[in-house]
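A short worksheet on the structure shown next.
Only the coordinates and a few stated rules stand behind these numbers; no lab work does. For clarity, every value in this text was computed on a predicted model and none was experimentally measured. Neighbour counts are summed over all protein chains in view; Cβ atoms, including those assigned to glycine, are modelled from backbone coordinates with ideal geometry.
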Amino acid sequence: MKKLLSLLVALLLVAGLVACGGTTTTTAPTQGDTTTTADPDAFDLEAYVADSTAIYNSVYGEFKTAYAAAKKETTDIAKRFALMAIAEAKLIESGTLLPLSSNGGNYAISRVVPYSITPALWGNDSYRFHQALIVNEQPLTEVQRNELKAIYAAEKGTGTYEASAKAWLALNGFTLNKTYTLGYSSDPQTWDVLATSRAADSEAIVNTYDGLYEYDVENQLKPALAASMPVVSEDGLTVTITLKSNVKWVNQNGEEVGTVKADDFVAGMQHMCDVAGGLEYLIQGIVKNASEYIDGDITDFSQVGVKATNDTTLVYTLEEPCSFFETMFGYGVFAPLCRTFYEAKGGKFGAEFDPKATTYTYGKTPADIAYCGPYIVKENTAETKITFEANPTYWNKDNINLTKIVWEYNDGTDPLKAYNGMKTGHYAGCGLSATSLAQAKEDLVEGTTKSWFDTYHYTSGTDATSFMGFFNVNRQNYANINDASKAVSQKNDAEKALSKDAMALQDFRLALCYALDREAYNAQAVGEDLALTSLINSYTPGTFVQLPTATTVKIGENDVTYPAGTFYGKIMQDAITADGYSFKVWDPTADGGIGASSGFDGWYNETAAKAALAKAVKTLEEKGYTIYNYNEDGTIKSVKNAIYIDLPCFSGSTTYLNRANAFAQSVKKALGGAVVINLVTCSTSGAWYYAGYYTDYGYEANYDIYDVSGWGPDYGDPQTYLDTFLPDFAGYMVKCVGIF
């Protein structure tokens with residue numbers, strides 16, 4: 001999955017339950033796509049692609065080489081992880097992406113029982129809510145949550161936690177709500193799970209279908225539509241799966257339209273490759289001949305390594321053994337597609353696939369998909385409400401805990417909407433922003449002298465999401481692609497040229513990275529008490545993987561041996577230190593001595609910021625720019641031409657406006673006015689999103705810095721992060737820096 005995350009969602013939903021995703025096209029745009037640029041007649045696609053390639057090689061050349069070496073290592077997993085950590089060091093050293101925060105790590109109040117939704121770090125399963133336990137009464141206190149967590153810790157892996165949690169709730173006077181109501185901030189753009197990887201799409205659609213396997217609430221991979229766990233051949237190249245029989249496909253009215261068959265997974269994979277909605281890269285180089293089909297080198301999909309040998313037997317053939325293949329089943333890239341229903345909606349395959357055909361309606365609305373999951377979408381009103389109701393034919397209908405899920409639109413303009421709804425019991429819970437945190441500390445629980453905060457708050461755990469600040473190294477647009485009157489830059493041509501040349505310099509980008517007081521910035525969203533809790537310092541979390549065995553790799557000029565159990569972050573930090581950079585991505589003393597890459601600010605350094613800026617200014621002066629007025633002795637007298645950097649911000653939300661101001665003030669303080677952060681205000685969240693989140697190509701990006709998006713993992717290997725920075729339209733996030 002290519003999971004592009006919208007940061008706006010993070011404070012609107014219950015902490016820890018936000019979703020992710022993002023649409024993309026991983027093939028080059030056609031000339032027809034150029035109509036989305038500010039000046040389509042002047043846009044030269046061929047030159048743009050050539051420029052993107054040259055810029056990529058200049059900015060990411062060391063990463064590209066190091067990562068290619070890591071991906072070649074497919075048998076020695078320890079060495080593979082270590083080499084990937086070294087490659088990520090090169091990526092971060094480029095200064096094109098600044099780690100900001102993870103999801104969670106904020107104060108929250110909730111009626112959702114802990115671990116009643118899978119805590120899986122990758123895939124879509126953490127957005128499947130059918131097993132969620134929602135109490136009717138008051139929110140759970142931190143003491144009560146800890147008691148439930150203790151039960152979970154004791155029973156994880158036994159399959160008994162859900163029953164034990166229900167027994168504990170009954171014993172303590174709680175009853176269960178069959179409806180889960182929560183907020184959302186962006187409408188799905190499609191209901192075709194195989195055509196998208198945007199959060200607003202995939203997090204909704206995942207509740208309408210089942211995959212082959214699903215991570216349960218104890219984080220164990222269990223069969224869903226599969227009847228048993230996969231059988232892997234001795235050479236690791238063939239994966240055979242037996243499906244359940246008599247699982248039904250139904251339409252939006254609950255009427256049967258077919259039986260789930262192995263061929264539906266073949267149809268799903270072919271459609272996913274045909275539509276090129278951002279998922280296809282996941283199987284390239286993994287499923288046999290998938291790359292060749294996607295690239296057009298072969299046109300016969302029967303040559304691709306997915307076969308239905310009968311109605312209930314599905315066989316995947318791999319290019320080479322893949323250690324993480326089974327962890328990929330939790331995401332939509334392996335979703336089934338009811339072939340007959342798809343064709344009835346005008347769907348075709350291969351060269352005949354035409355998404356613009358007037359007869360093609362598949363995925364346009366909830367009425368245009370078939371359902372084989374726990375819920376059917378019964379209501380879908382734009383920017384208002386989405387209602388999911390239990391599927392009466394669902395194969396596991398007797399074992400779901402919720403009969404209805406209700407999403408209510410919240411764009412963040414009312415900072416207390418989620419909190420007030422939580423207090424009345426309308427919403428199951430909410431994360432506490434700086435505004436709602438202050439209110440929760442004032443509001444008293446009825447009949448007591450204690451506040452809502454003191455009585456019910458807890459600190460949500462963080463996940464493997466990485467929200468980043470992205471630096472546009474090849475800016476083409478200075479207004480939104482969908483509406484040239486929105487998010488318009490105020491820079492003149494000279495200022496545009498200066499800022500573009502400055503942003504092309506690694507020293508300048510690193511100066512900005514070092515100049516941001518991320519603790520003050522994050523405090524605007526989560527409050528000062530927890531400003532450090534969710535701060536991250538790397539793209540892939542440092543604890544994401546550990547070495548399964550000892551391995552030796554070259555760090556700088558030295559061979560270093562790392563023992564089994566070494567965390568990914570430790571190796572990444574060693575590589576960064578060896579390369580002479582001062583930022584910190586790993587603290588071995590964090591988390592009680594276990595070590596972590598989060599919970600501290602390893603980047604903010606005014607001295608380093610000033611030093612990096614001085615180097616950048618020297619280079620710019622050599623290009624003919626004048627940044628400062630100088631005294632006769634060569635010291636700086638004043639700023640003559642400040643470097644103006646555009647940062648889009650959502651002015652409709654006090655939280656996000658304050659956060660943007662914190663960014664601007666921090667840079668001004670650190671860099672002395674030579675760099676000015678222009679806040680390009682967006683009165684609606686839609687305008688904010690269209691500045692970058694809703695774009696498909698780098699040339700559409702309307703910003704110098706963007707802090708809305710992030711990434712969450714799709715499977716259990718660092719490749720799930722690092723692949724997003726591949727060149728040639730293959731890496732999803734590389735567009736965020738203005739190329740491809």
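Annotations for the structure displayed:
- The GluC sites (Glu not before Pro) found in segment 581-672 that occupy coil by DSSP, while having at most 12 further C-beta atoms within 10 Å, are E632.
- Pairs of Cα atoms nearer than 8 Å and 6+ residues apart set the relative contact order; for the chain it is 21 percent.
- DSSP beta bridge pairing in the chain, given as percent antiparallel to the nearest 5: 80
- Counting other Cβ atoms within 10 Å as a rough exposure proxy, the listed residues S126, S598, S302, S164 run S302, S164, S126, S598 from fewest neighbours to most.
- Note on K71: lysines with a C-alpha under 20 Å away, same-chain residues under 8 apart excluded, are K2, K79, K90, K288, K554, K570.
- Sorting T684, T208, T607 by the number of Cβ atoms found within 10 Å of their own Cβ, with the fewest placed first, yields T607, T684, T208.
- Out-of-range pairs (alpha-carbon distance over 22 Å; input K637/K668; K491/K623; K500/K640; K178/K248; K244/K307; K486/K668): K178/K248; K486/K668
- Partner aspartates and glutamates whose Cα lies under 18 Å from the Cα of K618, excluding those fewer than 8 positions away in the same chain, are identified as E495, D501, D507, E632, D633.
- Cβ-to-Cβ counts within 10 Å put E93, E343 in ascending order as E343, E93, the fewest first.
- Global form of segment 607-736, assessed from the alpha-carbon gyration tensor, a/c cut-off 1.5: prolate
- Hull volume per residue, based on the alpha-carbon atoms of segment 219-366 and their convex hull, is 126 Å³.
- For segment 489-499, backbone phi angles converted through the Karplus equation (6.51, -1.76, 1.60; θ = phi - 60°) give residue-by-residue couplings of 5, 9, 6, 7, 4, 5, 5, 5, 5, 5, 5 Hz, Gly and Pro being listed as x.
- Here the dipole of the chain is about 1140 debye; that uses its Cα centre as origin and unit charges on the Cβ of Lys and Arg (positive) and Asp and Glu (negative).
- Cross-link partners for K356 among the aspartates and glutamates, with Cα-Cα distance under 16 Å and sequence neighbours closer than 8 places in the same chain left out: D33, D192, D274, E343, D368.
- Spin-label proximity, T681 to segment 608-648 - amide N less than 19 Å from point 7 Å beyond Cα toward beta carbon: 645-648
- Three-way shape label, segment 545-674, alpha-carbon gyration tensor, a/c 1.5: oblate
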